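Participant: Take this structure first; my questions come after.
The values are calculated or read from the model by the stated rules, or taken from the named source; none is laboratory data. If you're wondering where the values come from, they're calculated on a predicted model, not measured in any experiment. Every residue, glycine as well, gets a Cβ built from its backbone with ideal geometry; the counts of neighbours run over all protein chains shown. All accessible areas refer to the heavy atoms of the entire protein, side chains included, with ligands and DNA or RNA removed. Shrake-Rupley method; radii C 1.70, N 1.55, O 1.52, S 1.80 Å.
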Amino acid sequence: MVLPTILPKIAAHWLFTFYRAARKLRGHAFQYCRSSSATTTKPPPPSPVSPAAKCTVVFPDAADKAVVFGFDGALMRSAALFPYFMLVACEGGSLLRALLLLCAFPLVWALGERSDAGVRVMAFVTFFGLRPRDMDLVARAVLPKFYMEGLNAQVYSRLWLPARRKVVVTGAPRVMVEWFLKEYMAADVVVGGELHVVRVGRGRYFTGMLCGSGGSAAPALKHKALQAEALGTDNAMADVAVVGNASQLDHPFFPYCKEVYVVNRESTKTSRLPRDRYPKPLIFHDGRLAFLPTPSAALAFFLFLPLGVILSVIRISIGILLPYKISFGAGALFGVRYRTSGLRAPEPGVKRRGVLYVCTHRTLVDPIMLTAALQKPVPAVTYSLSRLSEVIAPIKTVRLTRDRERDAETMSRLLEHGDLAVCPEGTTCREPYLLRFSPLFAELADDMEPVALDAQVTTLYGTTASGHKWLDPVVFFANPQPAYRVDFLGAVPREWTRAGGRAGAEVANWVQRRLGEALGYECTGLTRRDKYMMLAGNDGVVAK
């Protein structure tokens, strides 16, 4: 019942918007022609440009000053807005919404991607009918990764860090950037366009309409109110403003700035911020897209997607139907890159209870890749697995209950019958970090071998915290060239097992460090609960 309620209001608003846009375009055309004809008879008077706007000094002294940053093109290396609208449309909405936004890009390009009209078109297609809760999840779990990778290292290091008060002005809707800027960057104030929200029944939805202009603050924040909100007092002025281009000087905030500097665009090409200098470690993020969806990249993605689905079905079928010795070559023929090292032949004549393979957890297909390397089926224990993944899995999967005593009994019984694979992190992590290892595995077996698993993708992530988990294997194998690395690190020394007098937590920490060193990952004390509370707003336990 959402459409019958809000559609008439939206239609009336957009009719009025297009009328104003037509008048504005007509006025610009007339002004351009008049200026062109005037040059043949009399040179036009010079336009009154502020001396600050002419200044090309990139790095003023910002120590202990109130600094206003333009987000698009100044704090960020790129001034493009479309990729981030595409991320919201795809991750917060659907592939259909993302496709509609891509189809609307020619209109956006004609109007100007950073113009008021262009921002309004992107905002309407992206946010119409979207729930604020979905936008909040995207703002917390998806956008920070791409914003962090797009930060301008020089502006961040030389201006952002020494500034006393940090005010950020963006041409995008404020909800897209505020969480990142306040949680990761410790910004004091974020100024941007405001989105209309309507309540229909018990739900709240965006209408896709912006209050005021897309590139400026809401009317309630203009002039004195804007000054008081951002600078903390009615009489103060910002010491320095840093913008990406001179067109951003039209924003109503900049009259309150003593000095305005324009970032040199050439200096931003090689000023990517290294990971070790991030304001906060980027450990968890969600969403399916593994690339920044610029218009050309998004077009290539949608053109490849049908072929990717076909390749995914073929690759999964190879793992299910073909013998292990043949599946390697067949998978490589269809673009799956696979590398294994450190595998040792079993000692002849030695009967063992069963080897516990302790693996890092990157995707749901970790145990399958381990099985392919060993050339024999190895059962795996898991906390949560969709019915589809369970049905198509070529190995035995056993569900754990998160009841310590019952899980210990289950794993001991499986080890009595042979080898077993376990991922003690309890959940996946995409970045080069290892989560805390549960010590349960170390209390059940002394014959253990750490296995370093790493998965690489270029287009789509094969894991999710808030999306459809049953699609994880399908999505992973839909990448153009999914890659896996399997490194066997040898048996855990006896002195580092329970039999050698070590506690279970000591053994788990030793194995975690050993795997972290092999992969070049940093060990953390974060858990599955920490991940899901941040990315999905729950503790990661699925109710029966």
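Participant: Could you please put T207, T458, T410, T294 in sequence from largest to smallest accessible area, using a 1.4 Å probe? Don't skip to the answer; put the middle values down first.
Facilitator: Details: T207 5, T458 80, T410 25, T294 45 Å².
The ranking, largest first, comes out as T458, T294, T410, T207.
Participant: A further question follows. For the range 284-400, what does the accessible surface come to per residue with a 1.4 Å probe? Please give it in Å².
Facilitator: Numbers: 6060 Å² over 117 residues.
It amounts to 52 Å² per residue over the range 284-400.
Participant: Which aspartates and glutamates have a Cα lying under 16 Å from the Cα of K65, excluding residues fewer than 8 positions away in the same chain?
Facilitator: Within reach: D188, D239, E259.
Participant: Between E409 and N264, with labels modelled 7 Å along Cα→Cβ, what's the label distance in nm to one decimal, could you check?
Facilitator: 7.2 nm
Participant: Here's another thing I want to ask about it. Averaged per residue, what accessible area in Å² does the range 426-522 show with a 1.4 Å probe, protein chains only? Please report the intermediate quantities before stating the final value.
Facilitator: Values: 3590 Å² over 97 residues.
Per residue, the range 426-522 has 37 Å² of solvent-accessible surface.
Participant: Also, quick follow-up: What does the extension gain come out to for F291 and E416, with contour length at 0.36 nm per residue minus their alpha carbon separation? Walk me through the intermediate numbers first.
Facilitator: Details: separation 125, 0.36 × 125 = 45.00 nm, distance 4.47 nm.
Length gained between F291 and E416: 40.5 nm.
Participant: Follow-up. If the chain between I326 and D446 were fully stretched, how many nm would it gain, using 0.36 nm times the residue separation less the Cα-Cα distance?
Facilitator: 39.9 nm
Participant: Same structure again: Would you tell me the accessible area of W496, worked out with a 1.4 angstrom probe on the heavy atoms of the protein chains, in Å² to the nearest 10?
Facilitator: 60 Å²
Participant: Also, I was wondering about something else. Counting only DSSP beta bridges with both residues in the range 68-196, tell me the antiparallel percent, nearest 5.
Facilitator: Numbers: 1 of 8 bridges.
Approximately 10 percent, going by the DSSP bridge assignments.
Participant: Per the 1.4 Å probe, what fraction of the accessible area of the range 81-203, in percent, lies on carbon and sulfur atoms? Before the final figure, lay out the partial values.
Facilitator: On the way: 2370 of 4380 Å².
Carbon and sulfur atoms account for 54 percent of the accessible area of the range 81-203.
Participant: While we're here: Suppose accessible area is computed on protein heavy atoms with a 1.4 Å probe; arrange C423, C359 from highest to lowest.
Facilitator: On the way: C423 25, C359 5 Å².
Ranked list, largest accessible area first: C423, C359.
Participant: Taking 28 Å as the cut-off for C-alpha to C-alpha distance, list the pairs among K182/K469; K376/K531; K145/K469 that go past it.
Facilitator: On the way: K182/K469 30 Å; K376/K531 33 Å; K145/K469 21 Å.
From the list (K182/K469; K376/K531; K145/K469), the Cα-Cα distance tops 28 Å for K182/K469; K376/K531.
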